[in-house]
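Notes to accompany the following structure.
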Amino acid sequence: MFVAGFIAASEIGLWVLLGLGLALRYVFRRRRASTVTLALIPLLDVALVVAVAADLHRGAEAGATHGLAGIYLGFSVAFGPSIVRWADVRFAHRFADGPPPVKPPKHGPERMAALWREWFRVVLAAAIASVVLLGLVALVADGDQDGVLLDWTRPPWTLVGLWFLFGPLWELPSSRRGAQRDEEMASSRSSS
């Protein structure tokens with residue numbers, strides 16, 4: 001229960017620090033205070049790892065929340081910077097007359113490039129989650145806790161496979177059709 005509460009607090013803390021940091025930057029024009037506030041976000045991840053390690057070290061029975069904490073940490077580290085950029089663009093547009101957010105491409109090579117970047121972030125998240133979980137097994141967990149933590153290294157890699165299947169691989173045929181259509185349109189323009 002302790003770790004589950006810490007995961008929830010980390011997620012809430014992420015959004016509070018992000019909102020506060022962007023408000024300081026764009027509403028109150030306190031850029032340095034904003035930078036310091038946004039720099040605190042990764043400390044939430046460090047605190048989560050310390051809390052999980054301490055809980056396991058105290059002899060808590062390893063469970064789903066410990067495994068989920070490792071996965072949460074992987075995704076937080078891999079997707080955190082892109083979430084901050086996403087929010088920053090929208091906040092700047094809304095409160096500081098920044099340019100409107102660019103909509104993601106719906107087809108073509110730009111769409112495929114975006115899907116591949118996103119998939120590589122998922123691979124990074126799975127790798128980080130696995131390293132965290134294996135690190136807990138090697139450094140903190142005892143023999144009774146090892147199996148549960150090791151079992152939690154599989155779900156992120158399953159997600160990597162599913163994300164690949166329903167992301168880049170799924171879009172590949174439509175991307176090729178879009179590229180062919182673009183080539184046809186370009187050649188028809190040049191011949192007329």
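Using a 1.4 Å probe and counting only protein heavy atoms, arrange Asp45, Asp144, Asp151 so the residue with the most accessible area comes first.
Descending order: Asp144, Asp151, Asp45.
Do the sum for the chain: with -39,500 (n - 2.57) for every DSSP H run of n ≥ 4, divided by all residues, what is the mean residue ellipticity at 222 nm, to the nearest 500 deg cm²/dmol?
My calculation for the chain gives -28500 deg cm²/dmol from helical runs alone.
For the chain, list the DSSP H helices whose alpha carbon atoms reach 27 Å or more along the long axis and whose average Kyte-Doolittle value is 0.5 or above?
Long hydrophobic helices here: 2-26, 64-95, 109-139.
Could you tell me which label, among [x] -0.75; [y] -0.64; [z] -0.55, carries the value of log10 I(q)/I(0) by the Debye sum over Cα atoms at q = 0.12 Å⁻¹ calculated for this structure?
Computing log10 I(q)/I(0) by the Debye sum over Cα atoms at q = 0.12 Å⁻¹ and matching it to [x] -0.75; [y] -0.64; [z] -0.55 gives [x].
Within the set of other residues whose C-beta is less than 12 Å from the C-beta of Pro100, count the net charge using Lys and Arg as +1 and Asp and Glu as -1.
+2
What does the accessible area of Val102 come to, in Å² to the nearest 10, when a probe of 1.4 Å is used?
Accessible surface of Val102 is approximately 130 Å².
Name the residue from Pro99, Leu136, Ser82 whose Cα lies farthest towards the positive end of the charge dipole of the chain, charges +1 on Cβ of Lys and Arg and -1 on Cβ of Asp and Glu.
Pro99
Report in % the part of the accessible area of region 9-142 that belongs to carbon and sulfur, leaving out ligands and nucleic acids; probe 1.4 Å.
Heavy-atom surface of region 9-142 belonging to carbon and sulfur, 1.4 Å probe: 69 percent.
Assigning unit charges at the beta carbon (Lys, Arg +1; Asp, Glu -1) and nothing else, what dipole magnitude in debye, to the nearest 20, does region 1-91 show about its Cα centre?
In debye, rounded to 20, region 1-91 gives about 680.
Translational diffusion coefficient of region 39-103 at 37 °C, 0.692 mPa s, Stokes-Einstein with Kirkwood Rh over Cα pairs, in µm²/s as a whole number.
235 µm²/s
What does the charge dipole of region 1-155 about its Cα centre add up to, to the nearest 20 debye, if the Cβ of each Lys and Arg holds +1 and the Cβ of each Asp and Glu holds -1?
1200 debye
Length gain on complete extension for the stretch Arg58 to Asp151, per 0.36 nm per residue less the alpha carbon to alpha carbon distance?
Gain on stretching Arg58 to Asp151: 31.4 nm.
Please report, in cubic angstrom per residue, the volume enclosed by the convex hull of the alpha-carbon atoms of region 95-144.
149 Å³
The values are calculated or read from the model by the stated rules, or taken from the named source; none is laboratory data. This is a predicted model, so every value here is computed, not measured. Glycine also receives a Cβ, built like all others from the backbone with ideal geometry; neighbour counts cover every protein chain displayed. What goes into the accessible areas is simple: the full protein's heavy atoms, side chains included, and nothing from ligands, DNA or RNA. Shrake-Rupley method; radii C 1.70, N 1.55, O 1.52, S 1.80 Å.
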